[in-house]
């Protein structure tokens, strides 16, 4: 599904990802964990093409496609290949309705389907109830559901998301 080999990424002179190797098998859930600042989000942004990589390979296959070298593909092409991304900080469109936010993800579908999959509403019934409400008027948790739903409308083969955990105060 996803094979990363000898991946190196820099922000200016700062070497962020060092010869990273990782394999994400099809049908598996893989978690990358670490303290703040070690490159987890940068890794996912590299997979999605949001940051450039200096060297290494990002190979992806979904079953529908043969093996594809992602470093040669633009961001929008990666979504069309079936890679979904839920960005850190949600990044919904606050002035668009819930339904319109979900529809923005449909543009990345390879099959041209323009209907929001019912599965999204099954997973997140509140989105169906609030489909005419503006995204910015939702609670934080509802906005997170909207961000996940937007990634799911492409019915991805691979879903990526950086998730932050805060140490609770005691």
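In table form, for the structure just shown:
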| item | result |
| --- | --- |
| Listed residues 67, 122, 76, most fluctuating in the chain (Gaussian network, C-alpha, under 10 Å) | 122 |
| Expected-Rg normalisation [2.2 N^0.38 Å, Cα atoms] applied to segment 98-152 | 1.04 |
| Largest-first ellipsoid semi-axes for segment 2-83, taking √(5λ) over the Cα gyration tensor eigenvalues, angstrom | 21, 15, 11 |
| Label-point separation, residue 133 to residue 65 (7 Å along Cα→Cβ), nm | 3.6 nm |
| Folded to 0 to 90 degrees: helix 140-152 orientation relative to the chain principal axis, Cα | 70 degrees |
| Considering only the chain, percent of DSSP beta bridges that pair antiparallel, nearest 5 | 85 percent |
| Nearest-0.05 FRET efficiency for residue 10 and residue 80, computed from C-beta distance (R0 35 Å) | 0.80 |
| The chain: C-alpha pair distances exceeding 24 Å, % | 40 percent |
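We did not get these values from a lab; they are worked out from the coordinates using the rules stated. The structure displayed is predicted, hence computed values, not measured ones. Note that each Cβ is placed from the backbone with ideal geometry, even for glycine, and that neighbours are counted across all protein chains shown.
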